[in-house]
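These notes are about the structure you will find just below.
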Amino acid sequence: MRRPSSWFPHAAPARPPCLTWRPRFASSRRCGTSATARRDMPELPEAETVARRLREHLIGATVTDCLVGRDDIVREGLSTLAWYLGARLASAGRLGKSVVLECEKAGDRRFLVFELGMTGLLFFTLLHPSYRKHTHLTLSLTGSIPALYYWNPRRFGRVYLLDRSGLERFRARRFGCDPLTVRWEEFRALVGKRRGRLKALLMHQQVIAGIGNIYANEILYRARLHPYRTASRLQAPAVRRLYDSMRVVLREAIAAGGSSVRDFLAPDGTKGEYRKRHRVYDKAGLPCPSGCGRTIRRLKGERSSFYCPACQRK
């Protein structure tokens with residue numbers, strides 16, 4: 001099986017009150033013995049940041065308890081929940097904007113896939129008592145990190161409990177190429193076949209997985225391409241700029257821990273710093289950082305599309 005493309009620091013937090021809390025939902029299911037502000041949607045760099053934190057702190061830990069606060073948060077595989085009791089966390093990675101935990105038990109391997117959606121986060125500790133209300137899945141663990149919480153107040157994301165074949169089906173129906181590993185020849189052919197707008201292409205998860213509004217804006221600005229340019233009409237040099245800019249922007253964002261545009265947090269509670277390096281996203285009315293003399297504009301009728309009319313001519 002080909003693994004997800006990104007199959008891949010900080011002091012351990014105080015022990016969270018995992019097992020003393022009981023959710024208020026009658027449908028709660030357990031195996032084992034023992035009011036939210038609007039948020040930015042996590043994208044590939046944020047999912048990669050989460051996966052790397054999980055890999056650094058949790059690999060080798062054993063699941064001692066598993067609590068699902070709402071059955072409807074698990075889209076697939078709820079009946080297999082008991083299997084994860086006693087499983088060892090073997091690896092952590094990413095599929096597009098989703099985070100994948102690989103679990104091993106008695107020679108078998110299964111996967112926990114967490115969709116971050118618009119509001120989903122994974123935490124090592126609940127940062128505030130109010131977070132308990134929207135914590136829909138809790139894994140109790142051995143080791144220095146005693147628990148992992150899936151917190152998702154608006155519930156646009158879901159959790160999938162999958163075996164190997166289920167993960168392959170999930171990947172095939174949900175995700176296009178990974179922008180960090182797609183080869184240049186494949187990317188050039190992909191762009192040449194698409195007759196839609198460039199920004200829509202970058203954000204089409206079944207074509208290119210992991211890019212949303214924030215990084216689509218930054219990539220197109222870096223490539224000097226208007227969001228409404230038609231993909232199939234680009235000449236090879238423009239496609240190459242798009243390809244290179246996509247990889248550079250995403251790698252820079254990962255190195256900075258992602259973008260906490262509103263309140264994205266890594267599992268250890270740290271904020272992403274890439275917001276400080278945004279050049280156009282949410283910069284309407286500010287001078288273009290290229291020094292061209294123009295100001296960044298918002299595309300008419302689009303709340304989250306930004307560009308420079310001089311540097312990104314249509």
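The values are calculated or read from the model by the stated rules, or taken from the named source; none is laboratory data. Quick caveat, the model's predicted, so the values are computed rather than measured. So basically every Cβ, Gly included, is an ideal-geometry build from the backbone, and we count neighbours across all protein chains shown.
Apart from one condition, ILE214 fits all of (1) surrounded by fewer than 17 Cβ atoms within 10 Å (Cβ to Cβ); (2) of a type in the set (Val, Ile, Thr); (3) more than 29 Å from THR64 (Cβ to Cβ); the exception is (1). Here is a check on your reading of the model: is LEU54 under 19 Å from the mean Cα position of the chain (by Cα), surrounded by fewer than 24 Cβ atoms within 10 Å (Cβ to Cβ) and outside any loop (DSSP other than H, G, I, E, B)? Considered against the rule, which asks whether it is under 19 Å from the mean Cα position of the chain (by Cα), surrounded by fewer than 24 Cβ atoms within 10 Å (Cβ to Cβ) and outside any loop (DSSP other than H, G, I, E, B), LEU54 comes out as no. Mind listing whichever residues of the stretch 59-84 are among the aliphatic types (A, V, I, L, M) and either within 13 Å of TYR160 (Cβ to Cβ) or out of contact with any Phe, Trp or Tyr (no Cβ under 8 Å at 6 or more places or on another chain) (or both)? Within the stretch 59-84, ILE59, ALA61, LEU67, VAL68, ILE73, VAL74, LEU78, LEU81, ALA82 qualify. Here the condition is being farther than 24 Å from LYS105 by Cα and at pLDDT below 95; of PRO129, PRO179, it holds for PRO129 alone. Within the stretch 68-101, being surrounded by fewer than 20 Cβ atoms within 10 Å (Cβ to Cβ), in a helix (DSSP H, G or I) and either at pLDDT 95 or above or outside the structural domain of ARG158 (by TED's automatic domain parsing) (or both) holds for one residue alone: TRP83. Taking every residue in the stretch 225-242 that is in the same structural domain as ARG195 (by TED's automatic domain parsing) and pairing it with any residue that is of a type in the set (Val, Ile, Thr), at least 6 positions away or on another chain, the pairs with Cβ-Cβ distances below 9 Å are LEU225/ILE219; ALA231/VAL191; ALA231/VAL239; SER232/VAL191; LEU234/VAL191; VAL239/VAL191; LEU242/VAL191; LEU242/ILE219. Just wondering, is there one or more residues in the stretch 260-283 that are part of a loop (DSSP other than H, G, I, E, B), among the polar types (S, T, N, Q) and closer than 23 Å to VAL191 by Cα? Taking every residue of the stretch 260-283 in turn, none turns out to be part of a loop (DSSP other than H, G, I, E, B), among the polar types (S, T, N, Q) and closer than 23 Å to VAL191 by Cα.
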